[in-house]
Amino acid sequence: MSAAPQSGAWSSPSGSSGWGARLSAAAVALLLVYLVIVPLVLLGISSIRPTGFPLEPGFTLSNFSKVFLAGDFGRLLQTTVLFALGSTALAMALGVALAWLVERTDLPGRNVFRVLVILPMATPPVLLAIGWAMLLSPRTGLFNLLLKDGLGLSAAPFNVYSVPGMIFVEALALVPTAFLFLAPAFRNMDPSLEEAAIASGASTWRLIRKVLLPLLWPALAACAVFLLIVCFVVFDIPGTLGMPARIYVLSTRIFYLTADSPTGVPLYGQVSALGSFFLLILAVLGVAYFRFTRESQRYRTISGKGFRPRQASLGVWRWPAFGAVSVYFLLAVVAPLGILIWASLMPYQTRPNLASLSLATLDNHMDFLRNARLITATLNSLTIAIVSATLVAALSLIVSWLVVRQRPAGATLIDNLAFAPIAIPGVMLGVAVIYVYLSLDQVFPVYGTIWILVIAYVTHYISFGSRLANGVMVQIHPELEEAARASGAGGFRVLARITAPLVWPAVAAIWIWVVAHAMRELSTALMLASRNNTVLPTLLWDYWTGGEPTRAATVGVWLVLALALFLALWHALSTRSASRTS
Amino acid sequence: MLQVDQLRKRYDRTDAKAFAVQEVSFNVKPGEFFTLLGPSGCGKTTTLRSIAGLEMPDEGEIRIGEDTVFSSVRGIAVPVNRRNIAMVFQSYAIWPHMTVGQNVAFPLEAMGVPTAEAARRIERALEMVGLAAFRDRPAPMLSGGQQQRVALARAFVKEARVLLLDEPLSNLDAKLREQMRVELRDLQRRVGTTAIYVTHDQEEAMSLSDRVAVMNEGRIVELAPPRALYLRPRTRFAAQFVGQADLLDCTRVGSEGNAWIVDTPLGRLRTADCSDAEAGASKTSLLIRPEHIELRASPENGLNEVAGVIERLVFSGRIVEYIIRAGDRLVRVQGTSREIFEAGRQVVMSLPPEHCVVVTD
């Protein structure tokens, strides 16, 4: 009921934006181009330089030929694809089952499971991998030892340092993501669609094939493509479980060429060539992802009207299903964390039993609180996390204010620039940032300091922060601010009393989320690591790869504790902000 | 109290012809309840927001009391927060992070009213809307009707000279809307504030307003008190927008005093008094509202009587709607349930001359 030019979206009050908005839009766009585009361009240039340094002269294609014509490139590609597809398939199967059981059946304790499902997300993947290495390593793995003794086998039945081992652990780590993706689709499906099919005389199998699958297909496809992207990018688990056995995927190969290259010098040119190939795959997957999510918007079967989803009765299968879901949590949380806690209490790696219980000591934990290297790493981690989180929250707020509220020319560009980093793998972002600051070392001497990590993290997490801020900004009706102005309040009072308090829960949620993720981020930190910017995840990695598993476990236990705390805070805040802005 | 003069606003700066509002002028007297009525996109909200200062018109002048708050010629544009206005929004715009009391206190706080006086005024405003007991309730824990009242209290507490209301009742359900309509009118009378009201609901406009400006395509088409607007509209658009209307093409064939004799598809009819405006118009139509037509079993005096057959009828309790065939034309008639004519029956429609109104295009 208003003037014709107003569109459905809540646009700026006057339809066109003022100079302030246009200037800040230009500034934000430049900043984002600098953070996101410049590193990628340098990465591209680096791949055709003989030395691998973007600013040094020369042109060559030898980096590409070395990477792609090498004898094991086929194997590298094969492993990567196998790992990505395998993990995605397994995580999807488990995620679909979990989402269906929790959302659409009378599974006992389903409401508890719905909350518990964020627990595995509080565990950094690298810790999950270390935990499983302690459980399933062929020589010392607890489960292997138990099975060998129990069944009288001569050799260990499982080897976690293998592609199937990597797939198994990666899938365990990704099930919560799949669940969070799929649960709404299961929950929001109008039961009358199913009832109509049953009333038309369809059998259960027909119902699944003709009605449920077609309706869920876009959500399933979008989820699968998203997981596939994650699996192509992920470093932690292939790094922990694959590299010791010389099993490489793209991301670990990039790390290997940089950190452990046979010549001892980082092979930046080859890294860039490999990275460019990586980006190409991701671009294809990204396009597919956008197409499927558009599709699922179109398919939104559901209106605003309330309904109770149809609940399937599991009958005699209720408790077996409960057992199966419990086993997942046992495997994804209890077993790996349990063995880590056990290891952190041991002077050296031992098999958990009553005899070794007498060895239990708090030495590792005391050491954690005293060791200067650990204290430095903790302080570095906290500083980096807090500074990055603050910058991301502030930048996200500005981006969403421009993109949602002001909509100056170029708003869409800003939106896309802020979202793009989601598709840049951590190891690649690390390499790309190295190029920028090696080139700019005279101007910004941040290479080798904690600040280069801050820059990389801000770039990486702005994609999440701006998404969340956009969502909240859209929900805040502009009339709330207009009402304050009409009440006689000036610009500053409106900001302080109305706008800021309304967006505050979102800002806090972004802040905590980024703190929690920056604390656990491993791959970028490893790429950018030097003596002066050690953080907890890199230290943990050093201890683990350096053969000090009990110390690694100790760091891990403290990290999980801190992360669980932050995630619980985040959960509380985001549910509060959701209930308030509605 | 409020003067709007030759207001113009383009909605697309690159298109010189795309006007959201053009040549809108009106004066509102102190204490008057003035309504801008029109379909969506007619420019009524843009006009209201220009008065509030939430939008910047391209041309024209706006005065509130003696203060010129906007003048394109003199380069004046007083910001919203320094205009002597209060506003009620379509979404209520109740701040969800504050209590009812804090919402109502906000305008006083912004104006720097001393605490003791502010407390008195908040108390009075909340009492006025019947929410005194809800002062410490968090705002999101209110029903739609209660939120609407908080919005009203927040607007009244400012004691501004002009109260602007942007479709404040459109988000309420039908029953509550009618009740709030009465309350709103009551409150405005008691406080004596000048109200500018925007709505697309003609019943709301009629029952609330002292005067109504009907807007279409950015212009004020007609401006009159509700009764005149309904009973004696001047234009086809206003006639159709404010109520049900059957419009018949008509040609003037003579006159009796100020009344005309016209030829219509229903035959020769006598009309209500006409003015020069109709006389000068190139095309005129005859408006007869369905409830003004009286049905009779047989003719009485032959004046403005048309014979017809009841084609069908819809009985809805209080009223009965007839579709009557007269020659090759269908006419809508609204009767009461006091006397009901069955379908297929021959009847005579009596069209009272004072309700046969000539309108221009």
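Only the coordinates and a few stated rules stand behind these numbers; no lab work does. All values reported here derive from a predicted model rather than from experimental measurement. All Cβ positions, glycine included, derive from the backbone under ideal geometry; neighbour counts span all protein chains shown.
The table that follows gives values for the structure above.
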item: Packing-based order for A:526-537, A:494-505, A:477-488, B:146-157, using average beta carbon neighbours within 10 Å, highest first; result: B:146-157, A:477-488, A:526-537, A:494-505
item: Residue among A:Asn159, A:His460, B:Phe106 farthest towards the positive dipole end of the protein assembly as shown, charges placed on Cβ; result: A:Asn159
item: In degrees, nearest ten, helix B:174-191 long axis to first principal axis of chain B (Cα); result: 60 degrees
item: The stretch B:231-336: trypsin sites (Lys or Arg not before Pro) falling in loop per DSSP and having at most 14 other Cβ within 10 Å; result: B:Lys283, B:Arg318
item: Rounded to the nearest 20 debye, dipole of the stretch B:244-360 from Cβ charges on Lys, Arg, Asp, Glu; result: 300 debye
item: Size of electric dipole in chain B: Cβ of Lys, Arg +1 and of Asp, Glu -1, about Cα centre, debye, nearest 20; result: 700 debye
item: Calculated from backbone phi, Karplus (6.51, -1.76, 1.60) coupling profile of the stretch A:510-518 in Hz, x at Gly/Pro; result: 4, 4, 5, 4, 5, 4, 4, 6, 5
item: Top positive-direction residue, dipole computed over the stretch B:2-232 with Cβ charges, set B:Phe26, B:Val191, B:Leu48; result: B:Val191
item: Residues with amide H under 5 Å from that of B:Met215, placed H, sequence gap 5 or more; result: B:Leu37, B:Gly38, B:Val221
item: Under-5 Å amide H pairs with B:Arg345, H placed in peptide plane, nonlocal only; result: B:Ile310
item: Selection from B:Ala307, B:Ala277, B:Thr251, by position along the positive dipole direction of the stretch B:244-360 (Cβ); result: B:Ala307
item: Two-site label geometry, A:Thr361 and A:Ile375: point separation in nm, points 7 Å out along Cα→Cβ; result: 2.2 nm
item: Other-chain or far-sequence residues with amide H under 5 Å of B:Leu2's (modelled H); result: B:Val28, B:Gly65
item: Inter-chain Cβ neighbour average for residues B:91-104, partner chain, 10 Å; result: 4
item: Under Karplus coefficients 6.51, -1.76 and 1.60, residue-wise ³J(HN,Hα) of the stretch A:230-247 in Hz, glycine/proline x; result: 4, 5, 5, 8, 5, 10, 3, 6, x, x, 6, 9, x, 4, x, 9, 6, 9
item: Residue order, fewest to most surrounding Cβ atoms within 10 angstrom, among B:His292, A:His517; result: B:His292, A:His517
item: Other protein chain Cβ atoms within 10 Å, averaged over every residue that makes up B:107-120; result: 2
item: Helical contribution to [θ] at 222 nm, DSSP H n ≥ 4, -39,500 (n - 2.57), averaged over the protein assembly as shown, rounded to 500; result: -16000 deg cm²/dmol
item: Karplus-derived HN-Hα couplings along the stretch A:153-161 (A = 6.51, B = -1.76, C = 1.60, θ = phi - 60°), whole Hz, x at Gly and Pro; result: 7, 8, 10, 5, x, 10, 10, 6, 7
item: Count of Lys pairs (Cα-Cα under 20 Å; at least 8 positions apart or interchain) in the protein assembly as shown; result: 5
item: Pairwise FRET efficiency - A:Lys210 versus A:Thr263, Cβ, R0 = 41 Å, nearest 0.05; result: 0.10
item: Other protein chain Cβ atoms within 10 Å, averaged over every residue that makes up A:494-500; result: 2
item: q = 0.04, 0.05, 0.06 Å⁻¹: log10 I(q)/I(0) that the Debye formula gives for the protein assembly as shown, counting C-alpha atoms only; result: -0.30, -0.46, -0.62
item: Mean Cβ count within 10 Å, highest first, over the residues of peptides B:93-102, B:115-124; result: B:93-102, B:115-124
